[in-house]
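**Student:** Below: one structure in structure tokens.
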């Protein structure tokens, strides 16, 4: 990559790696595609620590929308969680301008045929039970990444991340 | 441990003191079925208070003592009021720990305070669920 933009796929790979590890391991080669390379490592070094966290939040938001569109009977169960999760994302975007800019850059990047810059939309879950399980797993992944980021952050940002993590843990508990 | 980090822990400790006092009021107000949960929660807050006091002493300071009594945010005259007060107490504890997170220098103190903030948010959720309040979950606990 010759510019400072980072592909959404690379960022999401870092987010997934982070959630799986339960920590903010940005030094890991978290790309979804292929083995680690020097350029991938260099790319990850440029990623703001909050970018993968926010990307995971956006993925959760997308899943909420997908599930509620497929299963409107879940609105009563999920709408408050979706609304609060969106509020978390908005607050974090405002508090983390570098990460917000990186995410905005991935949204406007021109897709490359060699390295797709967006994750294909997942099909909706097959049934309500599967949908709720998917949402709960995404919520738990998000809570884990928020909590890990709070420990690594400082000051008011750490408190905001911790608060978002606590709220998200509550969502997961209600969905368990 | 820095001065701000100690002060953050002291704020959380003061919130725990207040909650322990408040749960005495809650226990007298709620239904008999809810009292065991009140006892469990009270025990959790006492454990949190003791852990905070130990951390503060390890940091070289004296833990702030409890007040003789605290002002209730509203009169509690029935079980519904008790449930509402319990939710408010957890919100107060969450504020104490959120402040502790913001003042912490070390990852150990942040991890401890975040875990306690999560516990407070979960208890607040449980009380709000029992009270029939919506939304059940706090949006920004502690802030």
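Read-outs throughout are calculated quantities, based only on the coordinates presented, and are distinct from any laboratory measurement. None of the values given here were measured: they were computed from a predicted structure. Note that we place each Cβ from the backbone using ideal geometry, even for glycine, and neighbour counts take in every protein chain shown.
**Student:** In peptide A:151-158, what is the residue-averaged number of other protein chain Cβ atoms found within 10 Å of each Cβ?
**Tutor:** Working: counts 10, 2, 3, 6, 5, 4, 2, 8.
So the per-residue partner count for this stretch is 5.
**Student:** Springs between alpha-carbon atoms under 10 Å, Gaussian network over chain B: tell me which of B:11, B:61, B:121 tops the mean-square fluctuations.
**Tutor:** Its mean-square fluctuation being the largest, the pick is B:61.
**Student:** Related question: Helix B:3-29 versus the longest principal axis of chain B: what angle, 0 to 90°, nearest 10, using Cα atoms?
**Tutor:** In chain B, helix B:3-29 runs at an angle near 20 degrees to the longest axis.
**Student:** Over region B:60-134, what is the relative contact order in percent, taking alpha-carbon pairs closer than 8 angstrom and at least six residues apart? Could you put the intermediate results ahead of the total?
**Tutor:** On the way: 49 pairs, mean separation 26.6, N = 75.
Relative contact order comes out at 35 percent.
**Student:** Give the order of A:98, B:25 when sorted by the count of other beta carbons within 10 angstrom, beginning with the fewest. It would help to have the intermediate numbers written out before the result.
**Tutor:** Numbers: A:98 12, B:25 17.
Going from least to most buried by this count: A:98, B:25.
**Student:** Go through A:163-172, A:79-88, B:66-75 and give me the packing order, highest mean Cβ count within 10 Å leading.
**Tutor:** Numbers: A:163-172: 27.4, A:79-88: 18.6, B:66-75: 10.5.
Descending mean neighbour count gives A:163-172, A:79-88, B:66-75.
**Student:** To the nearest 0.05, what FRET efficiency results for residue B:74 and residue A:83 with a Förster distance of 30 Å applied to their C-beta separation? Before the final figure, lay out each step's value.
**Tutor:** On the way: r = 27 Å, r/R0 = 0.89.
Given R0 = 30 Å and the Cβ-Cβ separation, E is 0.65.
**Student:** May I pose another question? 222 nm [θ] for chain B, helices only, -39500 (n - 2.57) per DSSP H run of 4+, per residue, to 500? All intermediate terms of the calculation are to be shown ahead of the outcome.
**Tutor:** Working: 4 runs with 104 residues, N = 143.
It lands at -26000 deg cm²/dmol.
**Student:** Between region B:62-95 and region A:121-176, what is the separation of their alpha carbon centroids in Å?
**Tutor:** Comparing the Cα centres of region B:62-95 and region A:121-176, I get a distance of 29 Å.
**Student:** Note down the nm distance, to one decimal, between modelled labels 7 Å out along Cα→Cβ at residue A:154 and at residue B:134.
**Tutor:** Calculated label separation equals 4.4 nm.
**Student:** Please give the FRET efficiency for residue A:107 paired with residue A:73, using the beta carbon to beta carbon distance and R0 = 41 Å, rounded to the nearest 0.05.
**Tutor:** 0.85
**Student:** Moving on to the next point. Below 8 Å, C-alpha to C-alpha, sequence gap of six or more: please give me the relative contact order for chain B in percent. Before the final figure, lay out each step's value.
**Tutor:** Numbers: 195 pairs, mean separation 47.1, N = 143.
Rounded, it is 33 percent for chain B.
**Student:** Another question about this same structure. Can you put A:157, B:85 in order, fewest other beta carbons within 10 Å first?
**Tutor:** Numbers: A:157 18, B:85 23.
Result, fewest neighbours first: A:157, B:85.
**Student:** Also, I was wondering about something else. Would you mind checking the tilt of helix B:32-58 against the longest principal axis of the Cα atoms of chain B, expressed as 0 to 90 degrees and rounded to 10?
**Tutor:** 10 degrees
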